[in-house]
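Reading through the structure tokens given below for one structure.
The values are calculated or read from the model by the stated rules, or taken from the named source; none is laboratory data. Small disclaimer: the values here were computed from a predicted structure and weren't measured. All Cβ positions, glycine included, derive from the backbone under ideal geometry; neighbour counts span all protein chains shown. Keep in mind that these areas ignore ligands, DNA and RNA; they rest on the heavy atoms of the full protein, side chains included. Shrake-Rupley method; radii C 1.70, N 1.55, O 1.52, S 1.80 Å.
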Amino acid sequence: MRTRNENGRTHVVIIGAGFGGLHAARRLRRADVAVTVVDRGTSHLFQPLLYQCATGLLSQGAISSPIRHLLRRQRNAKVVLGEAKNVDAEARTVAVERPDGSTMTIPYDHLVVAAGMRTAYHGNDDFAEFAPGMKTLDDALAIRRKIIGAFELAESLPEAAQRRPWLTFAVAGGGPTGVELAGQIRELATLALQNEFRSIDPGEARVLLLHGGDRVLPSFSPALSRRAQKTLDELGVETHLGVHVTGVTADQVETTGKAEPHEVVHYESKTALWTTGVEAVPFAAALAHALGVEQDRGGRVPVEADLSVQGHPNVWVVGDMSSRDELPGVAEVAMQGGRHVGAVIAHLAGGGTDRAPFRYHDLGSAAYIARRHAVVQAGKLQLSGYTGWLAWGVIHIAFLAGMRNRMGTVMNWSATLLTDSRRERAITYGDPETARQPYG
């Protein structure tokens, strides 16, 4: 094996500091290797709670931790801020673009790619202008701006007909993210904002959950889906099943029924939100081309049993971006995959030759519906209602990165339960120049 690190140690480059990348880096903590973690942002993001940031329950700091802070005690690891653009498999280098547009080249002995996925609009990329997805902190803050801004706009309008589109929120997608987001918008309207407006009743906000399947939370058991649906109904969320969102503009959302006669319905809505699937980030295509492999339909890169790429035993793909055995795109798959690859690389760097196959241990799924109502499924174990809510909370606190984030989140949740308030409702405009401009 060629050694590229200046200190004579095997050099492991990890692209992405999400669940997969962070756990791979941590698993290499005691290995005789040098680790370079490359990420286009400065923080590790806990994506499962993005919707709570978007609806004012948690701050962005509560669900993100600086990568450098998380790796501060790992002396064999360093962090590079930049975005991976290309790979030269023969030279074993990665081209990384810095935030200022300049490029650097990083050599590697082992390359671990954990770059994640992005929101998929299924060929309707023009929807993105009016219906943001839920994958990044920028997405969450943009959604917060749309939701809070909608109530504020409605408060200033004199007639009910003018207010109605501002108080109608359309959420596309009935998976966990869509269900959680829809439920939180209703809770925000009926609890946190209840006594804060004078011209409008926030509780009149209409939340539409638009889903192509025949039940919400299709990855859960039918029994848990029914319980989730009952809670959504009690919250006042309007669920429309068996429909595809076929049009989104600044003022309107269009749905088309899947069944005959394919009824087309238009909803006046100023706030549309998109949670209907993901696709590979552009770097996945560059990687697949460089390695001579074919991506699957979602743009994922196929991997071998040990999560390495066929024909390239020193290149590994973990998490959402890898395609193997129809593994779900959930955080636990990325965590376990990252730890597995880190262990294999540590073994190889220590002189080993065998490679253990990756075996995923399904620890279950959880979705928050409303306060004191969540569903949890782990094998034959199924929890809902208050018990599911407690289990959901324990699971998410356990997986948050950093003790400070765990403690802060528990305190924030407790304060919200006691006071029904949501303090994290500041809206931003993206950058100072935009903020300085007049409205419109």
Region 365-440: relative contact order in percent, alpha carbon pairs under 8 Å with at least 6 residues between: 15 percent
Pairwise centroid distance, computed over Cα atoms, of region 54-115 with region 243-291, Å: 30 Å
For residue 138, solvent-accessible area (1.4 Å; no DNA, RNA or ligand), Å²: 120 Å²
Loop GluC sites (Glu not before Pro), region 92-193 (other Cβ atoms within 10 Å of the site Cβ: 16 or fewer; DSSP): 159
Principal axes of region 301-440: Cα extent on each, largest first, Å: 58, 49, 28
Per residue solvent-accessible surface (Å²) - region 318-440, probe of 1.4 Å: 58 Å²
Mean ellipticity per residue at 222 nm, deg cm²/dmol - from DSSP H runs of n ≥ 4 across the chain, formula -39500 (n - 2.57): -9500 deg cm²/dmol
Rounded percent of accessible protein surface that carbon and sulfur make up, region 1-96, 1.4 Å probe: 41 percent
1.4 Å probe accessible area per residue over region 31-122, in Å²: 41 Å²
Cα-based convex hull, region 188-256, per residue volume (Å³, whole number): 107 Å³
Dimensions (Å) - region 35-79, Cα atoms, principal axes, largest first: 38, 19, 13
Ordering of 339-346, 202-209 by burial proxy (mean other Cβ atoms within 10 Å per residue, highest first): 339-346, 202-209
Relative contact order of the chain, pairs being alpha-carbon contacts under 8 Å that are 6 or more residues apart, as %: 19 percent
Relative contact order (%) - criterion: Cα under 8 Å, at least six apart; region: region 312-440: 10 percent
For region 203-311, accessible area per residue (1.4 Å probe, heavy atoms of protein chains only), Å²: 48 Å²
Accessible surface of region 354-440, 1.4 Å probe, proportion on carbon and sulfur as whole %: 59 percent
Inverse mean reciprocal Cα-Cα distance (Kirkwood Rh) of the chain, Å: 23.1 Å
Size-normalised alpha-carbon gyration radius of region 400-440, reference 2.2 N^0.38 Å: 1.76
Computed accessible area, residue 200, all protein chains, 1.4 angstrom probe, square angstrom: 20 Å²
